[in-house]
Structures are given as structure tokens and as C-alpha cells.
Amino acid sequence: MMKVLLKFSKKRSFALVALIMTVVVVGIIALPISVTLSKHIQSVFISQDYTLTLNLARFEMETVLNTAYASIAVGTSSVIDYQGYVHYDLSKTVTETTSGAQGYKFITVSVAKDTGTISATLKTYVVKNVTWGL
């Protein structure tokens, strides 16, 4: 009877040790995987913010470029929550330089997220009285 109890006890303790070792090994493997997965998800959200910021800046720049030269107002303007996107703010600066009948406007468009860590800035010139082509 004693042999049966002793034999049963050893097998049971071996199973418990094997189970503990399995949990430890899985924990050692799962920790770096979970950290990597967390960083990947974080980078996806940051990439989404950069893409949206740049696309909003492009949209505003295209709007300006499709406006007549005389209609582009000189000065600085800003819009909070640009195009309905909460936390994305627009800043536009237009300066004009004229020389007789010729002139140009230097346009800077900046879109930034509220935190200020993510932003996009585009710059261009719009020229007055210039005909392209032949």
C-alpha cells in the first residue's frame, strides 16, 4: 500500500513541475511578442495621424492653387478642427511680392495635431500674369 502511495505522489509532483516549467517558458516567449505587438499597434496609429495630417495639408494646398491669384488673401489665417477633423488645426500664411505687373505670392500651409508632435508643412509660389506653354 505504501509503495502505491509513494509512486502516485512522485508522478503527481513531476506533472506539477512540468506544468510550472511550461508556464515559465511560455511566459518568457510571450513577453517579447506582446511588447512587439504593442509597439506595432502604436506605430499604426502614429502612421495614421501622419497620413491624415499630410492629406489635409495637400487638400488645403490644392484649394489654394485652384483659386484665382487676386482671390488669394495675403496674411495669416488658422482653422481649428480643420474639415471637421477634431484635433487637427490648419495654419496658412500668404505673403506677396510685386515688381511692376509681375508678382508672386508665397504660400505656406501647415496642419498639426493638437499635441504638436505630428505636423505637415507645404510651401509653394503662385505667380501673377504668367502664361504657361506656347
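Please determine, in degrees from 0 to 90 and to the nearest 10, the orientation of helix 2-65 with respect to the longest principal axis defined by the Cα atoms of the chain, where the helix direction is its Cα long axis.
0 degrees
Which of the following values of Cα Rg over 2.2 N^0.38 Å was calculated from the structure shown: (i) 0.96; (ii) 1.50; (iii) 2.24?
Here Cα Rg over 2.2 N^0.38 Å agrees with entry (iii).
Return the distance in nm (one decimal) between the two label points of a simple spin-label model at residue 35 and residue 20, each offset 7 Å from Cα along Cα→Cβ.
Output for this residue pair reads 2.6 nm.
Classify region 57-134 as rounded, prolate or oblate from the Cα gyration tensor: take a ≥ b ≥ c as the square roots of its eigenvalues, call it rounded if a/c is under 1.5, otherwise prolate when a/b beats b/c and oblate if not.
Verdict is prolate for region 57-134.
Can you give me the accessible area per residue for the chain, using a 1.4 Å probe, in Å²?
Solvent-accessible surface per residue comes out at 76 Å².
Using label points projected 7 Å from each Cα along Cα→Cβ, tell me how many nm separate residue 106 and residue 28, to one decimal.
Simple spin-label model gives 6.1 nm for this pair.
If you place +1 on the Cβ of every Lys and Arg, -1 on the Cβ of every Asp and Glu, and leave all else neutral, what size is the dipole of region 57-118 about its Cα centre, to the nearest 20 Debye?
Values: 4 positive and 6 negative charges, 29 e Å.
Dipole about the Cα centre, nearest 20: 140 debye.
Report the label-to-label distance for residue 98 and residue 79 in nanometres (one decimal), using points 7 Å from each Cα along the Cα→Cβ vector.
Using points 7 Å along Cα→Cβ, the separation is 2.7 nm.
Going toward the positive end of the dipole of region 12-95, with +1 on Lys and Arg Cβ and -1 on Asp and Glu Cβ, which of 41, 71, 88 do you reach last?
41
The values are calculated or read from the model by the stated rules, or taken from the named source; none is laboratory data. Just so you know, these numbers come straight off a predicted model, no measurement behind them. Note: ideal-geometry Cβ built from the backbone for every residue, glycine included; neighbour counts use all protein chains shown. These accessible areas exclude ligands, DNA and RNA; they are computed on the full protein's heavy atoms, side chains included. Shrake-Rupley method; radii C 1.70, N 1.55, O 1.52, S 1.80 Å.
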